[in-house]
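The values are calculated or read from the model by the stated rules, or taken from the named source; none is laboratory data. Being a predicted model, the structure only gives us computed values, none of them experimental. Note: ideal-geometry Cβ built from the backbone for every residue, glycine included; neighbour counts use all protein chains shown. Please note that ligands, DNA and RNA were not included when accessible areas were found on the heavy atoms of the full protein model with its side chains. Shrake-Rupley method; radii C 1.70, N 1.55, O 1.52, S 1.80 Å.
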Amino acid sequence: MASVIWILSVVLYAEFMCAVSADKLLSLDCQDENHGVHGKDSLLKCFLNSGGESVKVTAAAWRRPGEKRPLIMFFNDKVREPEDPRFSFKQLQMSGSNIDVSFLVRDTVRTDEGKYECEVVTDSGEAKAVVSLSVTATYSKPDMSSIPEKDLQEGMEVTLFCNASGGYPVGMIHWYDQYGTNWTRSAEMTVVETTDKRTNLSSKFTLKASSITPQYRCLVLNNNGVEEGKAEFDLKFQEKAPEKATGDKGSTAITVIVFVIVGSLLCGLLILALRRRRAQQARRPSTHPILGAMYAMSPDTMEEGSAGLNNTTESVPEPLNK
């Protein structure tokens, strides 16, 4: 009787040691901390290590710790359809010595952040592991505005606004002018959490409008101080109508001066031409007596004069012959 009991004890001990050794051969080598980005795919890496021995997975599941219902489950050589279609195993090769049972989350959202539990059952034992997923979200490109929007005047009070949405963890907004002066301490920022657990940032900065410094910019930084976006804004001052009127008067005055100078030159040329004409008319009467006497002579008088001349010519004595 004692020998039978001893034999049974040996058998039970051997079976127990085999079970323990099998469990020791199986382990889940997982990445404890995983990082995801909102809107992109996230992978929770996990491999079943069987110590070089080939095993077959009969069941595998991913769930939130403390929850009975799995997010995704493999059973009897097939995957049961998950409630959320974004969840799946990375691959479905569930046999071998180093099986990839990683959990794939598509189109990650902020609420996916947290801890996850992986449990695997094989024909040689089972293994379990817990990992975590952190999710970050990048802020949208900021937009800027002002109150009043336009027609600003020197020294007028104006409030600038800078808004960025959809980021996580909570970031910050910094203010600078065109010369690089940091005005962040003079600004006021508010944070609003959205329904999907992301955050919207809004910052306002009140100042005295000055045409010397008309340009400002806001920078959106994440929780690590890394810039994620920026925007620039120019203060819109009222148009200076008086300066335009002065310019118009100046151009009109120049036009008048040009006309006066041109008119003066034309008048001078006209006066000079009249003087020359009068001078020519004043010289012409001195020739009138001579020409007038000749034209006043009658035809008979002119013939007598001609005869007298002819007679005078004939009375000239001929020279003596030597």
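For the pair Thr58 and Asp196, a Förster radius of 30 Å applied to the C-beta separation gives a FRET efficiency near 0.20, rounded to the nearest 0.05. Here the Karplus curve 6.51 cos²θ - 1.76 cosθ + 1.60, taken at θ = phi - 60°, turns the phi angles of segment 165-180 into couplings of 10, x, x, 6, x, 4, x, 8, 10, 10, 10, 9, 9, 5, 9, x Hz, with x standing for Gly and Pro.
Restricting the GluC sites (Glu not before Pro) of segment 137-178 to loop positions (DSSP other than H, G, I, E, B) with no more than 12 neighbouring Cβ atoms within 10 Å leaves Glu149, Glu154.
Among the listed pairs Lys141/Lys204; Lys141/Lys236; Lys78/Lys197; Lys150/Lys230; Lys45/Lys141; Lys90/Lys230, which have their C-alpha atoms separated by more than 26 angstrom in this model?
From the list (Lys141/Lys204; Lys141/Lys236; Lys78/Lys197; Lys150/Lys230; Lys45/Lys141; Lys90/Lys230), the Cα-Cα distance tops 26 Å for Lys78/Lys197; Lys45/Lys141; Lys90/Lys230.
Between Arg69 and Asp32, the modelled labels are 3.2 nm apart [label points 7 Å from Cα along Cα→Cβ].
Counting only protein heavy atoms and a 1.4 Å probe, segment 60-183 has 52 square angstrom of accessible area per residue. With a ≥ b ≥ c the root eigenvalues of the C-alpha gyration tensor of segment 67-225, is it rounded (a/c under 1.5), prolate (a/b larger than b/c) or oblate? Because a/c hits 1.5 or more and a/b exceeds b/c, segment 67-225 counts as prolate. Here the spin labels are modelled as points 7 Å beyond Cα on the Cα-Cβ line, and at Gln178 and Lys150 they lie 1.9 nm apart.
Using a 1.4 angstrom probe on heavy atoms only, work out the carbon and sulfur share of the accessible area of segment 36-195 in %. Ligands and nucleic acids excluded, carbon and sulfur reach 48 percent. Each of Arg86 and Asp143 was given a label point 7 Å from its Cα along the Cα-to-Cβ line. The distance between the two points is 2.5 nm. Counting pairwise Cα distances across segment 112-197, what percent come out greater than 19 angstrom? Tail of P(r) above 19 Å: 63 percent of Cα pairs. If you plug each phi of segment 29-43 into the Karplus form 6.51 cos²θ - 1.76 cosθ + 1.60 with θ = phi - 60°, what whole-Hz ³J(HN,Hα) values come out, in order, with x for Gly and Pro? Each residue of segment 29-43 in turn: 9, 10, 7, 4, 10, 10, 10, x, 10, 4, x, 10, 7, 10, 10 Hz.
A cut-off of 5 Å between modelled amide H atoms, ignoring neighbours fewer than 5 places along the same chain, links Gly229 with Val220.
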